[in-house]
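Q: Got a structure for you, questions after.
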Amino acid sequence: MNAMLSERAQPGALSNPNTFAEYLTFVFKADIDAEAVSDAFAKIQIIEKSIGQKDSDADLSFTLGVSQHGWSTAFPTTPVPALLQDFKAMVDGERQFPSTPGDVFIMIKSERMDLNYQAAKYLAQSFAKVATLIEDIQGFKYLDSRDMIDFVDGTENPKNTARLNAVLVVDDLDIHQGGSYLTVQRYIDRQGLWDKQPTEYQEQVIGRTKLDDIELDDDVKPVWAHNNKSKVIIDDTEIKMLRQNRPFGNAMEHGTMFIGLTASPVIMSTSLQQMIFADSNGHYDRLLDFVEAKTGTNYFIVSQILLDTFAD
C-alpha cells in the first residue's frame, strides 16, 4: 500500500539529504488575492523544472509544506489534514522549544549550492506579492554527514519500505494520502561549552561513539543520552521518523536545521516532550545543555497530487 503511496509523495520528502540544502520560510501577507496565491504556487514546479534541467546530475528537488495557520490561504477549498496543528511551545527550566511563525516552507536540495541559491532567488520573487520571506538558511553536508559538534547525524534513518511506513500518511482524505507531517527547528550550537567536555562525556550525551559512529552498549549508555530520549517506543516497538537534517552557519555561529518527517505528528511531539521535559528522576536529553532551539514550526508536506492542482 505504501509503495503505491510513494508515487503520490513529493520526491524530496522521501529522498536522502543532498550535499546542499536551502530552507525558505514564508509568512502570508494580509488581504492578498487568492488568484495571486495560486499564481505563486503554480510557479514552484516551473522553477524547479527550469533550474533542474541545467544540470540533471545535480538532483535538484523542492519539497513544499504548509502550516495550519497558512492552510486556508494556500488551499481555501481543501480541508485541513486531520492532525495538522501549529507547533506548541515547550518549556522546562532553562530549556525551551519556541513556537515561531511560518505559513509556507520550501526545502531546496541538490548537489550544487549555486543552483539552490538561484532557485531560492526565483521562489522569493514569485512569492513576493503574497508572502514575506522571513528566513533563508543554507545547509550543507559537513564531512561524513556530521553535525557541527562532530557527530554523525541521521544514522538511524529508516530505509526502503520502513521509510515509507514512517513518513507517508495513510489514514486521511484521499488528497492527503502520500503527504507527511513535518517539524522544523533551527538549533544553535553552544560550541564553546561543548568543546570543554571530554570525548567520553560527549559520547554519553549523544549515545554513540564520536569517531566510528557506533551506538553505545545499553550498560554504558545513560538513560539521558540523546538517542534514548529522542526515541519513541510504543508497545515495545520503536516508531521511526525521517530526519533530513543539515548543518548551517560559519565559525562564528552555527548549528543544525532539524527537518523531521513522520506519518503522524504525535510521534514528533512525543519525541520532543521526552527530550525537553525532565522525567521523575530528573533526566532529560542532555544534548539540550549544548544546543538551543531558536525556531519551531509544524507543516504538512502536501501530496504531489495536491501540488499538481496548480499546474494548470
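Q: Would you pick out the residues in segment 280-293 that are crowded, with 16+ Cβ neighbours inside 10 Å and of a type in the set (Ser, Thr, Tyr)?
A: The one that is crowded, with 16+ Cβ neighbours inside 10 Å and of a type in the set (Ser, Thr, Tyr): 284.
Q: Could you say which residue among 66, 37 is farther than 26 Å from residue 15 by Cα, crowded, with 21+ Cβ neighbours inside 10 Å and not hydroxyl-bearing (Ser, Thr, Tyr)?
A: Working: 66 fails: farther than 26 Å from residue 15 by Cα.
Checking each option against the conditions leaves just 37.
Q: Could you check how many residues of segment 266-310 are within 21 Å of the chain's Cα centre (by Cα), small (Gly, Ala, Ser) and not in a helix (DSSP H, G or I)?
A: Total satisfying the criteria: 3.
Q: Follow-up. How many residues are among the hydrophobic types (A, V, I, L, M, F, W, C) and open to solvent by 10 Å² or more (accessible area, probe 1.4 Å) if we restrict to segment 247-279? Steps first, answer last, please.
A: As a first pass, look at segment 247-279 and keep what is among the hydrophobic types (A, V, I, L, M, F, W, C): 248, 251-252, 257-259, 261, 263, 266-268, 272, 275-278.
Those still in the list that are open to solvent by 10 Å² or more (accessible area, probe 1.4 Å) too: 248, 251-252, 258, 263, 266-267, 275, 277-278.
Going through segment 247-279 one residue at a time, the tally reaches 10.
Q: Continuing with the same structure: Within segment 129-146, can you find the residues that are open to solvent by 20 Å² or more (accessible area, probe 1.4 Å), in contact with a strand residue (DSSP E or B) (Cβ under 8 Å, 6 or more places away or on another chain) and in a loop (DSSP other than H, G, I, E, B)?
A: At the first step, the residues of segment 129-146 found to be open to solvent by 20 Å² or more (accessible area, probe 1.4 Å) are 129, 132-138, 140-146.
Among the residues that remain, those that are also in contact with a strand residue (DSSP E or B) (Cβ under 8 Å, 6 or more places away or on another chain) are: 132-138, 140-142, 144-146.
Across segment 129-146, the qualifying residues are 141, 142, 144, 145.
Q: Going through 72, 61, 67 one at a time, which residue ends up being touching a residue at least 60 places away in the same chain (Cβ under 8 Å) and of a type in the set (Gly, Ala, Ser)? Spell out how you get there, then give the answer.
A: Details: 72 fails: touching a residue at least 60 places away in the same chain (Cβ under 8 Å); 61 fails: touching a residue at least 60 places away in the same chain (Cβ under 8 Å).
Going through 72, 61, 67 in turn, the sole match is 67.
Residue-wise test of (1) touching a His at 6+ places or on another chain (Cβ under 9 Å); (2) among the charged types (D, E, K, R); (3) over 19 Å from residue 135 (Cα atoms).
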{"site": "78", "(1), (2), (3)": "yes, no, yes"}
{"site": "87", "(1), (2), (3)": "no, no, no"}
{"site": "95", "(1), (2), (3)": "no, yes, yes"}
{"site": "98", "(1), (2), (3)": "no, no, no"}
{"site": "101", "(1), (2), (3)": "yes, no, no"}
{"site": "105", "(1), (2), (3)": "no, no, no"}
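Q: Condition first: without any contact (Cβ under 8 Å) to a residue 12 or more places away in the chain, of a type in the set (A, V, I, L, M, F, W, C) and not in a loop (DSSP other than H, G, I, E, B). Now tell me which residues in segment 234-254 satisfy that.
A: Once the filter is applied, which keeps residues that are without any contact (Cβ under 8 Å) to a residue 12 or more places away in the chain, of a type in the set (A, V, I, L, M, F, W, C) and not in a loop (DSSP other than H, G, I, E, B), segment 234-254 yields only 234.
Q: Six or more apart or on different chains, Cβ atoms under 8 Å: show the pairs whose first residue is in segment 207-233 and touching a residue at least 40 places away in the same chain (Cβ under 8 Å) and whose second is open to solvent by 90 Å² or more (accessible area, probe 1.4 Å).
A: Listed by first residue and then by second, the contacts come to 208/214; 223/281.
Each row is one residue, and each column tells you yes or no for (1) buried (at least 16 other Cβ atoms within 10 Å of the Cβ); (2) within 23 Å of the chain's Cα centre (by Cα); (3) of a type in the set (Phe, Trp, Tyr).
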| position | (1), (2), (3) |
| --- | --- |
| 46 | no, no, no |
| 55 | no, no, no |
| 70 | yes, yes, no |
| 114 | no, yes, no |
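The values are calculated or read from the model by the stated rules, or taken from the named source; none is laboratory data. As the structure is a computational prediction, the values presented were derived from the model and not from experiment. Every residue, glycine as well, gets a Cβ built from its backbone with ideal geometry; the counts of neighbours run over all protein chains shown. Surface areas here come from the heavy atoms of the whole protein model, side chains and all, with no ligands, DNA or RNA. Shrake-Rupley method; radii C 1.70, N 1.55, O 1.52, S 1.80 Å.
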